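Working notes, beginning with the structure itself.
The values are calculated or read from the model by the stated rules, or taken from the named source; none is laboratory data. It should be emphasised that the depicted structure is a prediction, and the values quoted were computed from it without experimental measurement. Cβ atoms come from the backbone with ideal geometry, glycine included; neighbour counts cover every protein chain shown.
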Amino acid sequence: MKIVILGAGQVGSTLAENLAREANDITVVDASRAALNALQERLDIRTVLGHASHPDTLRRAGVNDADMIIAVTDSDETNMLACRISQTLFHTPTKIARVRAAEYLNEEDRLFLPDALSVDMRISPEQLVTEAILRLIEYPGALQVVDFADGKVQLVGVRAYYGGPLVGNELKELPSHLPAGVDARVAAIYRRGKPIIPEGSTIIEADDEVFFVGAKVHIPKIMAELRKADRPVKRVMLAGGGNIGMRLARALEKKLQVKIIERNSERARYLSEQLNHVVVLAGDAANEALLEEENIEDTDVFCAVTNDDEANILSAMLAKRLGARRVLSLINRLAYVDLVEGGAIDIAVSPQQATVSALLAHVRRGDVAKVHSLRRGAAEAIEAVAHGDRHNSKVVGRRLDEVKLPPGTTIGAIVRGDAVIIAHRDVVIEAEDHVILFIVDKRRTKDVEKLFQVGLTFI
């Protein structure tokens, strides 16, 4: 696809890197020559210097014959205006804008329409990150939780622990450990950072990262078999009262005990006026005395969600050392994620990866309903829709053991209407089934897309 990305910041750069890796024709527009030069040094892409919403800049970037523009500059107004101009002047087929201000998002049902702002899809990294953190709080002990089929199915990553029910046992024994009526499929295992394709004879070892698929209603029971039961989350402390901190507090305040530590006193005062059931503290989340005074040792989850990576890392590490049971840190620089995750910091949350996941479904060929980028972009989980019949489709009308999957690819579940069917070899794929796949090697994604494309006889 020919894709024009407006904005060479952290989100735009991560998008360009991911999309260029898949042999798309990428052009990046930015007003900073230094940012563009840094991108060109490491990626085979075209860059254009200029203001992202100016018609002449868009024309030079090739928007007139582009398949898609993705506007992710720091300005909501620039992003929305660029989409509108691209529609009016160039009739660009797909226009995606990053919009962060709640004032716009509150009116999205009327603003983001073809005859209004001409934005086909709006993305809010803050909202995506908030949803990801809420899922992690909902399932204590999970490393990653992603939704498919409108939330009917979830893919969950957990770390197997020594002495757990499944450690030392073969995967084919999993059904015997689960309660009656509960089914699951292990989609992938990572051992010391390297993927293992699960077979019935595969034995789970302590410290393995195990990704499994199941119906959402069964996830808690499945997790209890893969790791020791974590006590429910009751107390949450948030470091940072910006957009993400405030969204999290609003979502949690009626169910849990929530505290926010905000450095800016004016912002802290504003938060205290907006949040009725949250304790708001004006101070530094990396202040040891403050954390001890607020009983950090009784905190179930500490989330560092300021816009400063270093501050997030330091406050999360300090909270962990002082006794917080689980710590999460928002980290924008992907290079930092590998350095800190799994050590003093339990989980590093990346806004870039969340944003890339939200956009990938629009770039995929074939009918792909949802894509989640996993393990910092190395792997993917996708929800593909099967069309056609046995004569013109490579999957419809075939048992799962007849489907020729690319190496390193597993089918975890099938959603048929409201029914969730866990993948077993004798399950037959039907037309309009939503098929959940885990792809260990992202380079095989195109092969999976081709698998779900129908032949020319399909009308």
Sole exception among (1) modelled with pLDDT under 85; (2) under 21 Å from ALA324 (Cα atoms); (3) of a type outside the set (Val, Ile, Thr); (4) out of contact with any strand residue (DSSP E or B) (no Cβ under 7 Å at 6 or more places or on another chain) for GLY163, by number: (2)
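Inside the range 273-283, can you point out the residues that are touching a residue at least 24 places away in the same chain (Cβ under 8 Å) and either under 17 Å from LEU314 (Cα atoms) or surrounded by fewer than 17 Cβ atoms within 10 Å (Cβ to Cβ) (or both)?
Within the range 273-283, the first condition is being touching a residue at least 24 places away in the same chain (Cβ under 8 Å), and the residues that meet it are 274-275, 277-278, 280.
Correct list: GLN274, HIS277.
If we scan the range 93-104, do we find a residue that is under 22 Å from LEU360 (Cβ atoms), part of a loop (DSSP other than H, G, I, E, B) and in contact (Cβ under 8 Å) with a residue 40 or more places away in the chain?
Our first condition is that a residue be under 22 Å from LEU360 (Cβ atoms); within the range 93-104, this holds for 93-100.
Okay, now just the ones that are also part of a loop (DSSP other than H, G, I, E, B), so 93, 99-100.
Still in the list and also in contact (Cβ under 8 Å) with a residue 40 or more places away in the chain: 100.
Yes: one or more hits.
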- request: For the range 1-49, name all the residues that are of a type in the set (S, T, N, Q) and outside any loop (DSSP other than H, G, I, E, B).
  value: GLN10, SER13, THR14, ASN18, THR27, ASN37, GLN40, THR47
query: Within the range 163-185, can you find the residues that are surrounded by 13 or more Cβ atoms within 10 Å (Cβ to Cβ) and without any contact (Cβ under 8 Å) to a residue 60 or more places away in the chain?
result: VAL167, GLY168, ASN169, GLU170, LEU171, GLU173, LEU174, HIS177, LEU178, VAL182
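Go through the range 179-194 and count every residue that is among the β-branched types (Val, Ile, Thr) and within 24 Å of the chain's Cα centre (by Cα). Steps first, please.
Initially, the range 179-194 is screened for residues among the β-branched types (Val, Ile, Thr), giving 182, 186, 189.
Applying the additional criterion that residues be within 24 Å of the chain's Cα centre (by Cα) yields 186, 189.
Final tally of qualifying residues: 2.
Could you pull out the residue among ALA215, ALA188, ALA239, ALA249 that is touching a strand residue (DSSP E or B) at 6+ places or on another chain (Cβ under 6 Å), surrounded by 17 or more Cβ atoms within 10 Å (Cβ to Cβ) and at pLDDT below 90? Show your work before the answer.
Working: ALA215 fails: at pLDDT below 90; ALA239 fails: at pLDDT below 90; ALA249 fails: at pLDDT below 90.
Only one candidate qualifies: ALA188.
Go through the range 319-355 and give me each residue that's of a type in the set (S, T, N, Q) and part of a strand (DSSP E or B). Break it down into steps so the answer makes sense when it comes.
First, the residues of the range 319-355 that are of a type in the set (S, T, N, Q): 329, 332, 350, 352-353, 355.
Listed by number, the list holds a single entry, SER329.
A quick yes/no check of all residues on (1) part of a helix (DSSP H, G or I); (2) within 21 Å of ASP346 (Cβ to Cβ); (3) without any contact (Cβ under 8 Å) to a residue 40 or more places away in the chain; (4) within 23 Å of the chain's Cα centre (by Cα):
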residue	(1), (2), (3), (4)
ARG110	yes, no, yes, no
ALA116	no, no, yes, no
GLN127	yes, no, no, yes
LEU136	yes, yes, no, yes
VAL146	no, yes, no, yes
TYR161	no, yes, no, no
message: So, THR57, is that one out of contact with any His (no Cβ under 6 Å at 6 or more places or on another chain), β-branched (Val, Ile, Thr), outside the structural domain of LEU360 (by TED's automatic domain parsing) and at pLDDT 95 or above or not?
response: no
- prompt: Does the range 26-33 include one or more residues that are of a type in the set (Gly, Ala, Ser) and more than 11 Å from THR73 (Cβ to Cβ)?
  reply: no
Subset of the range 368-391 (residues that are surrounded by 16 or more Cβ atoms within 10 Å (Cβ to Cβ) and outside any strand (DSSP E or B)): ARG375, GLY377, ALA386, HIS387, GLY388
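Checking the conditions here, which among ALA311, ALA316 is touching a Cys at 6+ places or on another chain (Cβ under 9 Å), surrounded by 14 or more Cβ atoms within 10 Å (Cβ to Cβ) and assigned to a helix (DSSP H, G or I)? Even if it seems obvious, please write down each step before you answer.
Details: ALA311 fails: touching a Cys at 6+ places or on another chain (Cβ under 9 Å).
Among ALA311, ALA316, only ALA316 is touching a Cys at 6+ places or on another chain (Cβ under 9 Å), surrounded by 14 or more Cβ atoms within 10 Å (Cβ to Cβ) and assigned to a helix (DSSP H, G or I).
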